[in-house]
1. With a 10 Å Cβ neighbour count serving as the proxy for reagent exposure, in which order, fewest first, do 110, 214, 283 appear?
2. Let me check against my output: what whole-number percent is the relative contact order of the chain, with C-alpha pairs under 8 Å and at least 6 apart?
3. Which distance in nm do the two modelled labels at residue 397 and residue 1 give, with both placed 7 Å along the Cα-to-Cβ direction?
4. For residue 239, give me every one of the aspartates and glutamates with a C-alpha distance below 14 angstrom, ignoring sequence neighbours fewer than eight places off in its own chain.
5. Test of understanding: ordering 9, 351 by Cβ neighbours within 10 Å, fewest first, what list do you get?
6. Loop only per DSSP, at most 13 neighbouring Cβ atoms within 10 Å: give me the trypsin sites (Lys or Arg not before Pro) in segment 57-129, ordered by residue number.
7. Need one number: % antiparallel among DSSP beta bridges in the chain, to the nearest 5.
8. For residue 234 and residue 374, FRET efficiency with R0 = 35 Å and r from the beta-carbon atoms, rounded to 0.05?
Amino acid sequence: MKTIIEPFRIKSVEPLRMTSVSERELYLKKANYNLFALKSDDVLIDLLTDSGTSAMSTKQWAGIQMGDESYAGSPSFYRFEHALKELAPFKHIIPTHQGRAAEKILFSILSDNKHDQIIPNNTHFDTTRANIESTGNQALDLVQQQGLDPQLDLPFKGDIDLIRLRDLLEAKGEHVPIVMLTITNNSGGGQPVSMENIRQTKALCQEFDKPLFLDACRFAENAYFIKLREVGYQDKTPKEIVQEIFSYADGMIMSAKKDALVNMGGWLALNDDDLAMKARNILILTEGFPTYGGLSGRDLEAMAVGLEEIVEEDYLNYRITSTAYFGKALDKLGIPIVKPVGGHAVYIDARTMLPHIDPHNYPGQALAIEMYRLGGIRSCEIGTVMFGQQPDGSEKLATVDLVRMAMPRRVYTQSHIDYCIECLAEIHANKNTLRGVDISWQPPMLRHFTCHFTPK
Ligand code: F0G
């Protein structure tokens, strides 16, 4: 059969609260047109993030019941550790409450009060960047040039630029404590990194004696793209590909809220004994004892099961196909999207879609507001609202204004997505009626979470 179905059936349901356009207009006004300020009960289809929004399986819920809440040495920790080592056999596995806690610990121990470090990556996620910068060091994005063009349809737009990486290591190698790769490249549209690029990055790291760390939030999606797109991997299982990916790394940071299929969790894993000792010391100060690190025993159980389920081929086939289904339908309607469709989200290029809206009036925000007004769909602007605010208070246009529609794992069915497509078709047909917005109030930093907008 050609139809790819959701490889699960639904046993427990969460009703959606239907709302009308006029109700939503009121909610928007109350929220000052900032979608983060909406009550999620007032959202019909929530595509704000794929982080922590997965539906857990019956086996994961059974694991929750098995959680052992011992302060130290819980069997739940050892089950989690075993499940992770099956995929990523790092020597030290240090649980944290989410990804950014692992980032905070890693970059504090790497910086060791130095302020002249440079940490290269294909593209740092915003919390990763902020955690590096908060230590007074520099986060450097070196994604290859093609990765920056939303319209180019290439298989591995998350690849790091190896020439620029070599130049950096030759010119300033003594300032580079680690090299990073984010798989998949969230800030670049959820684009995967090829195994060839991971291998060559590792070779460069070996030449310059640098550890390679992965920001591996969406490692299973990245592995499935390798299976689909890279020569030599068609006959390998996702698990084998994941194992090969991690065999090149010296460490990883992880938000388990993505590809470990849980609602909260994360970890830092690494091979270096000295760094691990320092990391555990901070962990005890800020997260908890090393066998729970900010999590309950039941969370560790759910992660252990999630790590088995995430590499199942039927799941990954459904996951990648259903995201592509959404993106391809928008492309067919003539809506400009980031190509090819990434693993966890569809990104609309709002500045290209709405050329009549001055970029200083945030076309991405205007589109996100209209999607909520017309269809009750919550998405997220990733453009000048998110990145434009400079430390001195001035504003600089972002290179693109995107709207991200992130797909929670195992949550929505095809008819939910057909509804979203219908809503976007209507917006596209009437797009010339859309107006931009002004920012009427903003905090000094990270304004996108709380700023107020007024429609023009
Ligand atoms: N790295 C990447 C690539 C991420 O996408 C995220 C989170 C993190 C690190 C931080 O993990 O949230 O557990 O602390 N991304 C979410 C998103 C928030 O919506 O893309 P966290």
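No lab work stands behind these numbers, since they all come straight from the coordinates. All values reported here derive from a predicted model rather than from experimental measurement. Here the Cβ positions follow ideal geometry from the backbone for every residue, glycine too, while neighbour counts run over all protein chains shown.
1. Working: 110 20, 214 26, 283 23.
Least crowded to most crowded, the residues run 110, 283, 214.
2. Details: 923 pairs, mean separation 104.9, N = 456.
Reported relative contact order: 23 percent.
3. Calculated label separation equals 4.9 nm.
4. Within reach: 86, 221, 259, 308, 309, 312, 313, 314.
5. Numbers: 9 6, 351 24.
With the fewest neighbours first, 9, 351 line up as 9, 351.
6. Details: sites: 59, 79, 85, 91, 100, 104, 114, 129; in loops: 91, 114.
Loop-located and lightly packed - 91, 114.
7. Numbers: 26 of 39 bridges.
So the antiparallel bridges in the chain amount to around 65 percent.
8. On the way: r = 42 Å, r/R0 = 1.19.
The pair residue 374/residue 234 has a calculated efficiency of 0.25.
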